[in-house]
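The values are calculated or read from the model by the stated rules, or taken from the named source; none is laboratory data. Quantities reported herein were computed from a predicted structural model and do not represent experimental measurements. Every residue, glycine as well, gets a Cβ built from its backbone with ideal geometry; the counts of neighbours run over all protein chains shown.
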Amino acid sequence: MRLATLRVDGSTVAARVESENSAVAIDGYANVGELLQEDNWQEIAEKAAGEAVEFAKEDLDAVVPAPKKIICVGLNYANHIKEMGRNLPEVPTLFIKFPDALVGPYDDVVVPEYANSALDWEGELAVVISKRARRVKAADAGEHIAGYAVMNDYTMRDYQYRTLQWHQGKSFEKSAGFGPWLTTKEDFTFGGELATYLEDEKVQSTPTDDLVFGPEQLIEYISRIYPLDAGDVIVTGTPGGVGHARDPKRYIGDGETVKVEIDGLGHIANKTVFE
């Protein structure tokens, strides 16, 4: 099952996606994050018989527009760790992205002039939490996963490396496409390709099971620090191929589109617009 947050008549509605451009509205829920607050969210979504909605890709909002928490994982694909000249980590590297960073899966990403000189691409797999997880063991963590989506984690490298803390280069306002929809966990299989394209050039390509720490391990580790709530998002890291690790370095230019595609989840594409 696929669930989306659609923009309709100046508002939004949670919807069950039926095809690439049609969905059924889930009445009473403004977005997927709101739907996930219900214990029986999956049953509600499956039985929804609301208005049929035809939509264009631009009508898709961030699948969970305002998660309570967005926890990102750095250095979590083996090939990316190696290209950055680091050793494989013993524990996950975590940092936070605020909900203000999210945009729809096909929205433009507008970059202020003071932050456009070292703009990099990072295609990522996002995990969406289904119910509260506090000190959960990895063996039980699957019960807390609603499903998966695609994240386009634009990174301002100059801001990122101003200090030892990465957050400031990772959470610029309206800089992260998220979607196109939530694919529930039973309909997604790990091991397919995660690919990122700059315009028509494939710049990242890695199987999703190359993660050092998988979703269950991440939930166990994070939930021992603080609880995860329904609708929270874990962004699991990016594979090798980023522009900053190239020689010479390569960054995103004005007008260039970054597309991220994951087998089984679909794709998102954001055009870069310099202010």
Matching residues, segment 121-148, being surrounded by 24 or more Cβ atoms within 10 Å (Cβ to Cβ) and among the acidic types (D, E): E122, E124
Some residue of segment 78-86 being among the hydrophobic types (A, V, I, L, M, F, W, C), crowded, with 19+ Cβ neighbours inside 10 Å and out of contact with any strand residue (DSSP E or B) (no Cβ under 6 Å at 6 or more places or on another chain): yes
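Picking from V127, V110, which residue would you name as being at pLDDT 95 or above and either out of contact with any Pro (no Cβ under 7 Å at 6 or more places or on another chain) or acidic (D, E) (or both)?
Of V127, V110, the one residue that is at pLDDT 95 or above and either out of contact with any Pro (no Cβ under 7 Å at 6 or more places or on another chain) or acidic (D, E) (or both) is V110.
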Residue identified as of a type in the set (G, A, S) and under 18 Å from H244 (Cβ atoms) among A176, A195: A176
Residue check for D247: closer than 24 Å to A78 by Cα and of a type in the set (D, E, K, R): yes
Looking only at segment 198-231, and only at residues there that are buried (at least 20 other Cβ atoms within 10 Å of the Cβ) and out of contact with any helix residue (DSSP H, G or I) (no Cβ under 9 Å at 6 or more places or on another chain), the one that is nearest to D263 (Cα to Cα): T208
Residue in segment 169-178 that is closer than 24 Å to A23 by Cβ, touching a Phe, Trp or Tyr at 6+ places or on another chain (Cβ under 8 Å) and surrounded by 20 or more Cβ atoms within 10 Å (Cβ to Cβ) present: yes
Residue match in segment 77-99 (condition: in contact with a helix residue (DSSP H, G or I) (Cβ under 6 Å, 6 or more places away or on another chain), at positive phi and part of a loop (DSSP other than H, G, I, E, B)): no
Close pairs (8 angstrom Cβ cut-off, 6 or more residues apart or separate chains): in contact (Cβ under 8 Å) with a residue 60 or more places away in the chain and more than 20 Å from R132 (Cβ to Cβ) in segment 206-224, surrounded by fewer than 18 Cβ atoms within 10 Å (Cβ to Cβ) and of a type in the set (A, V, I, L, M) anywhere: D210/A78; V212/A78; V212/L88
